[in-house]
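This report refers to the structure that appears directly beneath it.
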Amino acid sequence: MSALEVASSRFEKGEGLINEESFLTFLRQRANEPGWLQNYRERNWRRFVDTPEASRRDENWRFGDPKRLGIGKCMPFQGAVDESVASELRQNSNLLPAAAARIVLLNDHCIEEAELSEDMRKQGLVFESLESALLKHPEEIRPHLEAEESDLGSAKQIALHNAHLRNGIYLRIPAGVIIEQTLVAYHWIEGADRAIFPRTIIDAGENSAVTLVEAYLSRDDEHAAFNCAVGSVKAGPQANVCRISVQNQNLNTASFLLDSNNCSRAAKINSVTLLMGSHSCRHESFLNLPEPDGEIRLRSMIAASGDQLFDQRSRQDHQAERCTSDVLCKNALHDKARSVFAGLIRVDEKAQQTDAYQTNRNLVIGSAAEADSMPGLEILANDVKCSHGATTGRIDEEQLFYLKSRGIPTETARQLLTLGFFEEILEESPDDLSETLRSLIREKFESGRAKGRS
Amino acid sequence: MSVLGIQNLRACIGHDKEILKGLCLDLPQGEVHAIMGPNGSGKSTLAKAIAGHDDYEVTDGSVLMDDTSILGMEPDEIARMGLFLAFQYPMELPGVSIANFIRAALQARLGEGERIDASNYYKDLYEKMDELGIDRQFTSRSVNEGFSGGEKKRCEILQMAMLQPRYCILDETDSGLDIDALRIVAQGVNAMRGSDRGILVITHYQRLLEYIVPDRVHVMWDGRIVRSGDKALAVELEEKGYDWVKAELVA
C-alpha cells in the first residue's frame, strides 16, 4: 500500500490521530496564550468536528477527491528542532538568493527570522514569523485571525487549520512604504507524518508596495505529510501587493493552499502560483473586490505528472464599480495526472463597469492524463466586460514536427513546448524568480517526472 | 558519394492518394538545384516525405543521404544526419525563444556530456542575425510568433545558417516575400553555397532563380520530374508557362 492509500484508508476508518484528546493536549500545552486565542482555537475545533466531511457529491468538490486529501495519521510536530537539520534547511533555502530578507520555518517552527536592513526597519516594515508576532503584538494579529472567513469547499480544513495554527508569516507594510526588493519565506516539512498549518498574513497600508515569495517544500521524498496553509492578503487603498507561491512538496504529501485576496480602493494584487508537488493538492483562491477601481490578477501554473491530482477553485467577487479581475490558470499534465479547475465570476448589481476574465488552459501530454474545467459566470450588473474560456489540448503534431525537423529529439521538443506553454506567466514574474521557476519546471519534467511515476 | 539520391520515390497521403509517382532526383553536394512545378504537382509532399513527416507513407523507392537510407527514420535523426528543411509555412512556437530553439537544436548534435559554450553561441548567432538583417532583440522573441512573412523566412535561413546542414531543401521560400526581403533571403542562401552542401530550391516562379542561380532546373508534374536542364529551362518555363510542359507530355 502506498502512503497515500494508508492515509486515506485510516482516514476513512476514522483512525486519524488528530482527535478531541490530541486537540485538548495541544490546547493545554499552549495555556499561556491570550484567552481570545484559546477561545478561537476551541471555537474552530468545534466547527471542525461539526462540519461534515466533504464528499464528491458536493458541488464544490465536483471532479475532486476529498479522500485523497485526508490528514491520515499526520500530526503537528511539538518536539524540539534538530539543529543539524535546521542548519541544512537554512542552507537549502536558496530559491531566491538575492532576496532582501527571508524567514525559514520548519514544521511550523521558525528556524530563521528575517534580518531587515536598517532602511526597512526605519520605514516600519514588519516581516516576522507569526509566532513571534503573536507574542509581540497579539492584538494586532487578532482581527486578522478573527476576520470573517469564506471558503470554496474547504471550511472543515480551515477550521482545523485555525484550531492548530501556530506559525506562519506576518508581513505588514506601513502606508506609503515601497519595498522594492523581494522578500521570501520557506515552509519546510521534515520527518514522518507531520502536519503543518502555516498562516500567511499580508497587510499592506495605503500606497505601499511589496513582493513576497513563499515556498512550500519537503526535506525528504518518502515521508507522508499534510500541509494546510491559509493565506490572506489585504491591500489598502492604492497599495500594490505581489505574492508568489511555489508548492514543491514530496509526492507523499496532501496539500491545501487556501487563499483570500482583499483589494481596497484602487489597489492591485498580483497572485502567482506554481504548483507541482504533493500527491494531491487543493488550491482555493478568493478574489474579493469590495471597493471601486481595485484590480486582482491570479496567475497559476500546474506542472503535474505521475498520478498527481490538482484541484483548483477560484471565485472573483465583484462588489464595487470599475474593478478588474483576471484569472489565468495553465496546467500541463503528464502521465496520468489530473487537474480540476472550477472558477466563478460573480458580479454584484452595483458593480458596474467591471472587467472580469477567467481562462483555463490545459496541455494534456500524458495519454491517460485528464483535465476537468468548470468555468462559471453570475452577472447581475448590466454594464460589464466579462469573459471566460477553457481549452484543453494536446501538443500540436505540426509544431512537434517543426522542432524535430531541426534535429531536436521528441522528448526535448515536448519539454520546450511545455515550458513555452508557461512562458506567458513566467515572463511576468520578477527576473531572478522567473529563471528559478523555469528551472524548477524543467527539473520536474526531466528527472522529477520519473519520481512522479507510480 | 556525397549525394542526396532519390530513386523511384512513391508516396501517399492517407492510404490511397498517391502524390509522388516514381520520382528520381540526384542532388550532389556543391550544387544548387531548383524544382519548379504548378500547384498540386507534389513539391511540398516531396520535401516533407524526405524530412520524415509521418503524414506521408512512402510505398516504394529509396532516399539515400551519402549512401545511407533515411526512409523510416525519425525526422530528428534525419535532421541530425545533415538535412535541413526550410518550411513554406514555418510554425509558430509560443513561449519558445529563437535563442533557446536554435540552442536546443545545436545541443542535440553534441555528444553526451558536451555543452554549448554560451558566449561563442551568442557571438555566432548575432553575427548571422546581422548578416540577415534580423534585429538582435529577436533572440528572445517566440519563434515565428507575430512575425511577418519576411521575418519568418529570414528566421528559417538563420536556423539553416546556424545548423550548417549538408543538404537543404527550401520549400517555396519566396512565397510571401517582397522584393527587398527576397534579396536578403537569397543573399543568405547564396552565402551558404559551397562544395560541402547541396541545396534544393522549390519554387513556383522563376523570379527567385534570378537571385539564387541554380546549376540544374527540374520540372515537376504529377509526382514526377518530367524535364531537367540548366538555368535556361527556368526562363523557358516562365515564358511558355506550365501548359507547354503539359502539351509536350501529352504529345
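Just rank A:45, B:244, A:188, fewest to most, by other beta-carbon atoms within 10 angstrom.
Ranking A:45, B:244, A:188 by Cβ neighbours within 10 Å, fewest first, gives B:244, A:45, A:188.
Determine the alpha carbon to alpha carbon distance for each of B:17/B:43; B:43/B:240; B:21/B:48 and list only those over 18 Å.
B:43/B:240
Rounded, prolate or oblate: which one fits segment B:70-156, using the alpha carbon gyration tensor with axes a ≥ b ≥ c (rounded when a/c is under 1.5, else prolate when a/b beats b/c, else oblate)?
Verdict is oblate for segment B:70-156.
Roughly how many nanometres apart are two label points built 7 Å out from the Cα toward the Cβ at residue B:124 and residue A:22?
Inter-label distance under the simple model: 5.9 nm.
Compute the semi-axes of the equivalent ellipsoid of the protein assembly as shown, taking the square root of 5 times each eigenvalue of the Cα gyration tensor, and list them largest first in whole Å.
Details: eigenvalues 710, 130, 113 Å².
For the protein assembly as shown, the semi-axes come out at 60, 26, 24 Å.
Computed over the Cα atoms of segment A:3-395, what is the ratio Rg over Rh, Rh following Kirkwood?
Radius of gyration relative to Kirkwood radius: 0.95.
I need the peptides A:358-368, A:380-390, A:108-118 ranked by packing, meaning the mean over residues of other C-beta atoms within 10 angstrom, with the highest value on top.
In decreasing order of mean packing, A:358-368, A:380-390, A:108-118 become A:358-368, A:108-118, A:380-390.
Quick one: helix B:179-191 against the long Cα principal axis of chain B, what's the angle to the nearest 10°, folded into 0 to 90?
With both axes taken from Cα atoms, the answer is about 80 degrees.
So how do B:238, A:291, A:139 line up by other beta-carbon neighbours within 10 Å, fewest first?
Ascending Cβ contact count within 10 Å gives the list A:139, B:238, A:291.
Given a Förster distance of 35 angstrom, what is the FRET efficiency for residue A:428 paired with residue B:183, based on the Cβ-Cβ distance and rounded to 0.05?
Taking R0 as 35 Å, the efficiency between residue A:428 and residue B:183 is 0.35.
Which percent of Cα-Cα pairs in chain B sits in each 10 Å bin, short to long?
Bins of 10 Å from zero give 7, 30, 36, 21, 5, 1, 0 percent of pairs.
Quick check: Cα centre of segment B:77-103 to Cα centre of segment A:93-150, how many Å?
Comparing the Cα centres of segment B:77-103 and segment A:93-150, I get a distance of 48 Å.
Would you list which lysines come within 28 Å of residue A:234, measuring only between C-alpha atoms, while excluding same-chain residues fewer than 8 positions from it?
The qualifying lysines are A:122, A:136, A:156, A:268, A:330, A:350, A:385.
Calculate, for residue B:107 and residue B:67, the FRET efficiency according to 1/(1 + (r/R0)^6) with r their C-beta to C-beta distance and R0 30 Å; round to the nearest 0.05. Please list the in-between numbers first.
Details: r = 28 Å, r/R0 = 0.92.
The pair residue B:107/residue B:67 has a calculated efficiency of 0.60.
When the dipole is taken about the Cα centre of chain B, and only Lys, Arg (+1) and Asp, Glu (-1) are charged at their Cβ, what size is it in debye, to the nearest 20? Don't jump to the answer; show the numbers that get you there.
Details: 27 positive and 40 negative charges, 41 e Å.
Dipole magnitude for chain B comes out near 200 debye.
How large is ³J(HN,Hα) for each residue in segment B:231-242, as worked out from phi by the Karplus curve 6.51 cos²θ - 1.76 cosθ + 1.60 (θ = phi - 60°), to whole Hz, x for Gly and Pro?
Values, residue by residue: 5, 5, 4, 5, 5, 4, 5, 4, 6, 8, x, 5 Hz.
How tilted is helix B:149-163 with respect to the longest principal axis of chain B? Cα atoms for both, answer in degrees (0 to 90, nearest 10).
The two axes meet at around 80 degrees.
With θ taken as phi - 60° and the coefficients 6.51, -1.76 and 1.60, list the Karplus ³J(HN,Hα) couplings across segment A:85-92 in order, rounded to whole Hz; mark glycine and proline as x.
5, 4, 5, 4, 6, 4, 5, 7
What is the spin-label model distance, in nm, from residue B:246 to residue A:192 if the labels are put 7 Å beyond Cα along the C-beta direction?
Placing both labels 7 Å beyond Cα along the Cβ direction yields 8.2 nm.
Taken together, the values in this text are just the output of simple stated rules run on the coordinates, not laboratory data. All values reported here derive from a predicted model rather than from experimental measurement. Counting neighbours? That spans all protein chains shown, and the Cβs are built from the backbone with ideal geometry, glycine included.
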